[in-house]
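For reference, the structure discussed in these notes is given below.
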Amino acid sequence: MITIGIDPGISKDNPGGIAFIADGTAHGVFCPVETIDIYRLLLPYKGKAVVAIEELNLRHSDLLAPGKAFHIVKMLRHHERCTVICELLDIPVTPIAPMRWRAYWNLTGTGVDDYVSRAVQTYESAIDSIYRLTPGGRKKKAYSGIAAALLMAGWRKAQTEESLKAIDEKRAATQAKTKAVNSAKTKKRKVEKKMVMA
C-alpha cells in the first residue's frame, strides 16, 4: 500500500508538499496549485493508496486580520480541491490536525526546523526532495511543506499498520471463540448421547 501525505500550502516562497511512502522509500514534491496538475500527479495512485491531508480551519481571530483570512480561504479551497481529486481517484482521505501529527512525532511546541530535521532523519531517501535549489538556483533550501507531508504520510502509514494488526487480533479472537463454542457443543452432544444410551 502506498501512503501519501498532503500539506496543501500555496505560498510561493514555501509551497505545500505531497509526499509518497512505498516499499521502504520516500520522496516528495511541491503541491501543485492547479487542479489538473494535482490530478495528473495522483492519477498513477488511483485505487492503490491512502492519504493523510492536513486539516485547515478558519478561526474567529483570523477574521480580524483580513489579509490572513483571505489567504486561509484560498488554502481551504486548495485543500478541498486536493480532497475531491483523491475521492474521485478512489484514494481514501484521512484529515489530520497539525497538533495530532506533531504529537505523534514528539514535535509539539517545536518549530519548522525541528520537523524538517525529523523528516530527514526518518526518511533519508527523501533528503533531496526536502532540500532543493531556490528558484534562482543559488543555494539549497529546506522546504517545510514537503517535510510536513512526509511526516503526515508516516503517521498515516502507522495508523494503517496498527489497524491491520487490530483486525488480525480480532479475527484470531473470533476464531478462538468459535472454536471454543463448537468444542462445548460437541461435548454437550456427547454427554446427551451417553445419557440417552444409559
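For the range 100-148, enumerate the residues that are of a type in the set (S, T, N, Q), in contact with a helix residue (DSSP H, G or I) (Cβ under 8 Å, 6 or more places away or on another chain) and farther than 25 Å from Pro32 by Cβ. Write out each step before concluding.
From the range 100-148, those of a type in the set (S, T, N, Q) are 106, 108, 110, 117, 121-122, 125, 129, 134, 144; that's our starting set.
Still in the list and also in contact with a helix residue (DSSP H, G or I) (Cβ under 8 Å, 6 or more places away or on another chain): 108, 110, 122, 129, 144.
Thr108, Thr110, listed by residue number.
Checking Ala69 against (1) modelled with pLDDT under 95; (2) buried (at least 17 other Cβ atoms within 10 Å of the Cβ), only one condition comes out false. Which one?
Every listed condition holds for Ala69 apart from (2).
Quick check on this structure: which one of Ile130, Ile85 is surrounded by 14 or more Cβ atoms within 10 Å (Cβ to Cβ), closer than 17 Å to Cys31 by Cα and modelled with pLDDT of 95 or more? Spell out the reasoning first.
On the way: Ile130 fails: modelled with pLDDT of 95 or more.
After ruling out the rest, the residue left standing is Ile85.
Scan the range 8-24 and tell me whether some residue there is of a type in the set (D, E, K, R) and modelled with pLDDT under 85. Give the derivation first.
Step one: of the range 8-24, the residues of a type in the set (D, E, K, R) are 12-13, 23.
Still in the running and modelled with pLDDT under 85: 12-13.
There is at least one residue in the range 8-24 that is of a type in the set (D, E, K, R) and modelled with pLDDT under 85.
Does any residue in the range 96-108 that is touching a residue at least 24 places away in the same chain (Cβ under 8 Å) and more than 19 Å from Leu56 (Cβ to Cβ) come within less than 8 Å, Cβ to Cβ, of a residue that is part of a helix (DSSP H, G or I) and of a type in the set (Phe, Trp, Tyr) six or more places away or on a different chain, and which pairs are these?
Trp105/Tyr115; Trp105/Trp155
Would you confirm whether any residue within the range 157-179 is of a type outside the set (S, T, N, Q), modelled with pLDDT of 75 or more, within 22 Å of Ile2 (Cα to Cα) and surrounded by 10 or more Cβ atoms within 10 Å (Cβ to Cβ)?
Yes, the range 157-179 contains at least one residue that is of a type outside the set (S, T, N, Q), modelled with pLDDT of 75 or more, within 22 Å of Ile2 (Cα to Cα) and surrounded by 10 or more Cβ atoms within 10 Å (Cβ to Cβ).
The values are calculated or read from the model by the stated rules, or taken from the named source; none is laboratory data. Because the structure is a prediction, the values reported are computed rather than measured. Cβ coordinates were reconstructed from backbone atoms using ideal geometry, including for glycine residues, and neighbour counts include every protein chain displayed.
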